[in-house]
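Q: My structure is below; once you've seen it, I'll send some questions.
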Amino acid sequence: MQTEKVIDHIVEWLAGYCDQAGMNGFAVGISGGIDSAVTSTLCAKTGRTVYLLTMPIYSPPDQLVLAGNHLNWLKNQFPDVQGITVDLTPVFEAIEKSLPPDLQDGLTMANTRSRLRMVTLYAYASHYRLLVAGTGNKIEDFGVGFFTKYGDGGVDISPIADLMKSEVYEVGRSLGIIDAILQATPTDGLWADNRSDEAQIGATYDELEWAMRFDKSAGDESRLTDRQRQVLSIFRRLHQANRHKIDPIPVAEIPDEYKVTYRFKV
């Protein structure tokens with residue numbers, strides 16, 4: 001990959017889209033992970049205003065430290081970067097008290113955390129006329145659907161959604177993202193036990209990238225190892241189960257003959 005050209009292309013695309021939309025800049029939720037670090041840095045390189053929001057909900061201290069270190073690193077380079085911390089733990093606690101206990105399974109409440117953060121991002125974006133920049137990569141957004149519908153999937157633009165996870169790391173290294181983030185175990189930070197992405201999915205990102213490419217190429221499955229077969233099965237199962245997130249929202253198209261044609265006098 002021609003990393004520098006990819007960076008320049010995304011930055012130019014972001015700036016052009018922002019100007020065409022008549023907006024002032026970008027809002028990005030940062031978590032201490034590689035995807036949000038790369039996305040926020042690309043947004044900052046446009047020279048537009050960037051609001052970086054840290055939105056803890058029972059968040060582990062090490063994630064907050066990583067997010068804070070990234071914010072400080074970015075602010076030292078770009079004067080138009082603003083850092084905001086919004087503690088959403090009390091809001092989440094209020095929801096826990098309001099919802100019936102039998103509704104509060106792990107996945108439901110993990111997705112609720114993500115949706116609270118989306119609401120907060122759009123509050124700032126609306127007030128300051130910003131675009132919410134998504135942090136999803138290609139394997140998450142279009143491979144296995146590893147995101148929350150109307151949570152971290154609720155965005156205005158997706159700067160890194162055509163980059164595989166390995167390519168995001170490559171861009172991150174070229175941008176000079178701090179080593180602690182480059183070396184951190186990927187996690188969505190939505191679970192009480194802080195489980196990793198790999199633990200949730202059952203495969204590494206490198207394995208999923210292989211499966212996505214293999215599935216698209218329609219290769220010879222008879223030559224696969226047992227682990228490759230397992231990973232391919234995981235990829236296909238998640239891709240199919242999450243098509244409702246990956247594909248555009250379906251529209252019930254009404255036949256023309258069922259519609260009333262109104263005639264207006266001029």
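Since every read-out is calculated from the coordinates, none of them should be taken as a lab result. Worth saying up front: this structure is predicted, and the values here are computed from it rather than measured. As a convention, Cβ positions derive from the backbone with ideal geometry for all residues, glycine included, and neighbour counts pool all protein chains shown.
Q: Sort out the exposed loop chymotrypsin sites (Phe, Trp or Tyr not before Pro) in the chain (DSSP loop, at most 15 other Cβ within 10 Å) and tell me the longest stretch that has none.
A: 151-261
Q: Something else about it: Find the centroid of the Cα atoms in the stretch 8-59 and in the stretch 174-237, then give the distance between the two in whole Å.
A: If you average the Cα positions of each part, the centres end up 25 Å apart.
Q: So, one more: Sequence-distant or interchain residues sharing an amide H contact under 5 Å with Gly29, placed H: which?
A: Answer set, sorted by chain and number: Leu53.
Q: Ok, one more. Note the listed values [x] 16.5, 45; [y] 17.5, 51; [z] 20.4, 71, then indicate which one is Rg and Dmax of the Cα atoms in Å calculated from this particular structure.
A: [z]
Q: Any lysines with Cα under 24 Å of the Lys165 Cα? List them, leaving off those in the same chain fewer than 8 positions away.
A: Reachable lysines: Lys5, Lys45, Lys138, Lys149, Lys216, Lys245.
Q: Can you compute the helix-only [θ] at 222 nm over the chain? Use -39500 (n - 2.57) per DSSP H run of at least 4 residues, normalise by all residues, nearest 500 deg cm²/dmol.
A: So the helix-based figure for the chain works out to -15500 deg cm²/dmol.
Q: Mind putting a number on the dipole of the stretch 3-197 about its Cα centre? Charges go on the C-beta only, +1 for Lys and Arg and -1 for Asp and Glu, and I need it in Debye to the nearest 20.
A: For this selection, approximately 360 debye.
Q: Where in the chain are the DSSP H helices whose C-alpha atoms run 30 Å or more along the long axis and whose mean Kyte hydropathy is at least -0.5?
A: Within the chain the helices that satisfy the rule are 106-128.
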